[in-house]
Every structure is written in structure tokens, then in C-alpha cells.
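Okay, so here's the structure we're looking at.
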Amino acid sequence: MAMPRSLYERVFQVLLFEGLAISIFAPVLSWIVDKPLGHATALTFAISIIAMLWGLIFNSFFGILISYASSRIQKWTRVVHALGFGTGLVLIAVPLTAWWLEMTLAQALLMDLGLLLVFLPYTFCFYWAYDMLRQRLVKTRLRPRSLPAHRQSQYAPASPVKGAERPR
């Protein structure tokens with residue numbers, strides 16, 4: 001059974017996801033739309049804030065669904081996760097992008113669909129890697145640790161001495 005994620009962990013996960021996304025995609029957006037890096041970063045940051053709020057809501061509900069999935073189908077649930085998250089974000093971000101970059105909704109939709117094609121693998125890889133690392137960390141934390149020999153209890157049964165007779 002998977003350990004549930006706390007609100008603190010969900011916030012950390014979303015901040016990590018968005019921080020990496022801004023650092024990767026703001027320079028790319030600046031280059032594509034031929035706008036100053038600061039202008040593209042501001043838009044990327046605004047979309048990131050929206051994405052964090054959307055992600056927090058979406059991931060909370062998706063986390064409930066995925067907790068019932070077996071590890072064998074986890075990759076497919078992450079594909080569904082990436083598609084659902086990306087679609088919701090496009091519906092929210094297109095009007096903002098059109099306004100910010102002074103373009104039509106159709107142009108903004110085409111640009112966001114192109115961005116979605118880049119973000120789908122990013123989203124899939126990020127959450128899959130996060131899940132794998134989290135699973136390893138949880139297993140490590142839950143694994144019972146044996147005490148070193150010098151820390152074992154003095155009341156532990158002594159090991160029998162070779163050649164000693166057993167009382168009858």
C-alpha cells in the first residue's frame with residue numbers, strides 16, 4: 001500500500017515541478033516569440049502560479065485515484081495524469097497567453113498546443129521519476145534497521161558455546 005502524500009509534500013512537489021519548468025521553458029519561450037527574457041519569464045511565472053494551483057487541486061484528486069492502482073499499471077496512470085493536467089492547463093492558459101503576448105486566441109492555442117507537446121513528456125518524466133525516488137525513500141525509511149553488535153540488548157539470549165553440554 002502506498003503512503004499518502006501530505007499537503008507539505010504536495011506543495012514541495014508542485015514547487016519543484018514549476019521551478020524546473022520555469023528555468024527550462026522561459027528562455028525557450030523568449031527565443032520562440034522573440035520577446036525579452038524578462039517578459040517571457042513573467043508570463044511563464046504567471047502561468048506557473050496558475051499551474052501550481054491547478055496542480056495542487058488536480059494532483060490531490062488524482063492521488064486518490066492512483067493510490068488504488070497497482071504498480072504494474074502506474075505508467076499508464078501517469079500517462080492519463082499528464083494528459084489530464086495538460087489539457088486543463090491549456091484551457092486556463094490560452095486566454096492569458098493571448099492577452100500577454102498580444103496575439104489571437106487561435107495563435108495562443110497553437111503555441112500552447114506546441115508547448116503541451118513539450119510539456120507532456122516533461123510532466124510524465126518528472127512525476128514518474130518523483131514517484132520512483134519517493135518509493136525508494138519510503139522503503140528505506142520503513143525498512144527495519146538492525147542494531148550494531150555493541151548496541152544490542154544485554155538481555156538477548158546468549159549464543160551457545162561450542163562443546164558446552166545442555167542441561168538435562
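The values are calculated or read from the model by the stated rules, or taken from the named source; none is laboratory data. Since we're looking at a predicted model, the values are computed, not measured. Every residue, glycine as well, gets a Cβ built from its backbone with ideal geometry; the counts of neighbours run over all protein chains shown. Heads up: the accessible areas ignore ligands, DNA and RNA and are worked out on the full protein's heavy atoms, side chains in. Shrake-Rupley method; radii C 1.70, N 1.55, O 1.52, S 1.80 Å.
Return the FRET efficiency for the residue pair I32, Y130: r is the Cβ-Cβ distance, R0 is 35 Å, and the value is rounded to the nearest 0.05.
Numbers: r = 27 Å, r/R0 = 0.78.
Once rounded, the FRET efficiency stands at 0.80.
Once phi is turned into θ = phi - 60°, what whole-Hz ³J(HN,Hα) does the Karplus curve with 6.51, -1.76 and 1.60 give for every residue of the range 48-54, x standing for Gly and Pro?
Values, residue by residue: 5, 4, 4, 5, 5, 5, 4 Hz.
Given axes a ≥ b ≥ c from the Cα gyration tensor, I'd like to know whether the range 9-67 is rounded (a/c under 1.5), prolate (a/b larger than b/c) or oblate.
Details: a/c = 3.11, a/b = 2.91, b/c = 1.07.
Because a/c hits 1.5 or more and a/b exceeds b/c, the range 9-67 counts as prolate.
Run the 1.4 Å probe and let me know the accessible area of D131, rounded to the nearest 10 Å².
10 Å²
Work out the FRET efficiency for L96 and F12 from their Cβ-Cβ distance, taking R0 = 30 Å, and round it to the nearest 0.05. Don't skip to the end; give the middle numbers.
Working: r = 25 Å, r/R0 = 0.85.
It comes to 0.75.
Could you order W128, W99 so the one with the most accessible surface comes first? Probe is 1.4 Å.
On the way: W128 85, W99 170 Å².
So the residues, ranked largest to smallest area, are W99, W128.
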